[in-house]
1. Taking the stretch 78-94 as the search range and keeping residues that are in a loop (DSSP other than H, G, I, E, B) and under 12 Å from the mean Cα position of the chain (by Cα), which one is nearest to residue 265 (Cα to Cα)?
2. Of the residues 285, 325, only one is under 24 Å from residue 180 (Cα atoms), out of contact with any Lys or Arg (no Cβ under 9 Å at 6 or more places or on another chain) and crowded, with 19+ Cβ neighbours inside 10 Å; which?
3. Here are some residues: 139, 202, 147, 159. Which one is closer than 23 Å to residue 72 by Cα, surrounded by fewer than 20 Cβ atoms within 10 Å (Cβ to Cβ) and in contact (Cβ under 8 Å) with a residue 60 or more places away in the chain?
4. Would you call residue 213 within 30 Å of the chain's Cα centre (by Cα) and surrounded by 18 or more Cβ atoms within 10 Å (Cβ to Cβ)?
5. Which residue pairs have Cβ atoms under 6 Å apart, sit 6 or more places apart or on different chains, and have a first residue in the stretch 85-107 that is assigned by TED's automatic domain parsing to the domain that holds residue 73 and free of Cβ contacts under 8 Å to residues at least 40 places away in the same chain and a second that is assigned to a helix (DSSP H, G or I) and not charged (D, E, K, R)?
6. Name the single residue, out of those in the stretch 238-255 being over 34 Å from the mean Cα position of the chain (by Cα) and part of a helix (DSSP H, G or I), that is surrounded by the most Cβ atoms within 10 Å (Cβ to Cβ).
7. I'm trying to understand the selection: among the residues of the stretch 276-312, which are touching a residue at least 40 places away in the same chain (Cβ under 8 Å), over 15 Å from residue 350 (Cβ atoms) and in contact with a strand residue (DSSP E or B) (Cβ under 7 Å, 6 or more places away or on another chain)?
Amino acid sequence: MENENQVIGIKDVAKAANVALATVDRVIHGRTGVSKKTKDKVLKVIEELGYKPNIMASNLSKGKKFVLGVLLPYASSKSSYWELPMKGIVKAQKELEQYKIKIETYLYNQNESIEVRKQILKAINSNIDGLVLTPKFADEIEILLQDCKEKKRPYVFIDSNNKEKDSLCSIQQPLYESGQLAAQLFDYCFNEGEILILHLKDEMDTEAIRNLKVKGVNDYLEEKASLVSTKKIVITDFDENNVKEILDKTLIDNPNIKGIFIPNSKIKYVANYLKKNQEQKIYLIGYDFLTENIEFLDKEIIDFLICQRPEEQGYQAVFKLFEHIVLRKEVESEMIMPLDIITRKNYKYY
């Protein structure tokens with residue numbers, strides 16, 4: 001080529017191959033009506049000229065619309081966490097509005113497996129072009145993932161704990177490292193005593209997720225030859241009286257507890273207890289910058305929140321699908337979110 005900056009168009013390909021524009025168009029889009037000899041000639045010219053079809057312009061000119069499905073829990077009184085990835089999804093959709101990107105939501109109560117299955121069936125029977133979902137409820141979503149594979153429908157996982165097989169992209173949280181980070185923060189606060197690891201467990205919480213965080217805590221303490229030890233408790237009933245009864249007994253029986261680690265976003269239940277019952281300072285660390293956690297953070301009942309940018313996860317998931325489906329670009333198969341430490345001093349700017 002004489003001019004390396006020259007933009008090669010479909011007319012240039014047709015002229016060089018000595019065929020009609022319609023023939024080149026058929027070859028580019030894989031349609032029938034072109035002999036093998038002519039197709040091979042056109043493909044050779046495309047390669048020689050370095051022609052790259054403008055997929056976006058082609059789709060826009062045809063008025064093609066793309067529908068992306070979102071299968072996630074909805075926010076509840078127990079936790080507003082899922083508001084955040086949805087906020088990111090809506091933000092991405094607005095930015096991509098000019099490209100005719102539409103979002104179809106399939107939201108469910110995370111404590112109702114029947115409702116989960118109902119929304120999964122809706123997604124299966126839909127005409128969506130791609131899907132954003134969380135890998136939780138692994139048994140229930142297996143049929144959905146199989147359907148996606150059969151239909152060659154790409155899907156992106158958010159709030160994931162490892163690289164999910166066959167997904168277009170897994171947007172992951174470094175769970176083990178977040179546990180190590182929690183232990184390091186406690187290490188700044190005290191150098192002997194006990195950390196109570198209190199897991200407030202609901203339907204979507206899995207042993208694997210909790211265990212990775214707990215392992216991170218214990219490995220850090222062992223690596224530092226710390227005099228701090230850990231004790232684990234699981235609570236499944238978050239009723240205020242039940243939480244009080246369990247924590248009253250635990251703190252009386254274990255007077256050396258100087259810190260409490262909540263390995264999920266439900267830290268507000270323990271913060272509420274400490275607000276009403278704390279006689280001496282107990283350091284409290286948990287996850288996620290949620291509305292219900294900010295009040296306790298501001299009053300320094302919660303000392304640190306470890307955040308993994310759920311809004312950004314939702315935003316990136318939509319853009320990964322857009323890049324793959326509309327732009328036909330290759331996207332990275334995994335994306336690891338950074339760990340942010342939020343305190344009373346910086347939360348207003350987060």
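The values are calculated or read from the model by the stated rules, or taken from the named source; none is laboratory data. Just so it is clear, the structure is predicted and the values come from calculations on it, not from any experiment. Because the Cβ atoms are built from the backbone with ideal geometry, glycine has one as well, and the counts that use them run over all protein chains shown.
1. Initial filter on the stretch 78-94 (in a loop (DSSP other than H, G, I, E, B)): 78-82.
Within this subset, residues satisfying the condition of being under 12 Å from the mean Cα position of the chain (by Cα) are 81-82.
Values: 81: 7, 82: 11 Å.
Once the filter is applied, the top-ranked residue is 81.
2. On the way: 325 fails: under 24 Å from residue 180 (Cα atoms).
Being under 24 Å from residue 180 (Cα atoms), out of contact with any Lys or Arg (no Cβ under 9 Å at 6 or more places or on another chain) and crowded, with 19+ Cβ neighbours inside 10 Å holds for just one of 285, 325, which is 285.
3. Values: 139 fails: in contact (Cβ under 8 Å) with a residue 60 or more places away in the chain; 147 fails: in contact (Cβ under 8 Å) with a residue 60 or more places away in the chain; 159 fails: surrounded by fewer than 20 Cβ atoms within 10 Å (Cβ to Cβ).
Every option except 202 fails the conditions.
4. yes
5. What qualifies is 106/119; 106/123.
6. Within the stretch 238-255, the subset over 34 Å from the mean Cα position of the chain (by Cα) is 245, 248-255.
Narrowing further to those that are part of a helix (DSSP H, G or I): 245, 248-253.
Details: 245: 12, 248: 12, 249: 10, 250: 15, 251: 20, 252: 8, 253: 9.
That would be 251.
7. 283, 285, 303
Results for (1) surrounded by 21 or more Cβ atoms within 10 Å (Cβ to Cβ); (2) over 19 Å from residue 310 (Cβ atoms); (3) of a type outside the set (Lys, Arg); (4) at pLDDT 95 or above, shown as yes or no for each residue.
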position: 154; (1), (2), (3), (4): no, yes, yes, yes
position: 166; (1), (2), (3), (4): no, yes, yes, no
position: 175; (1), (2), (3), (4): yes, no, yes, no
position: 179; (1), (2), (3), (4): yes, no, yes, yes
position: 188; (1), (2), (3), (4): no, yes, yes, yes
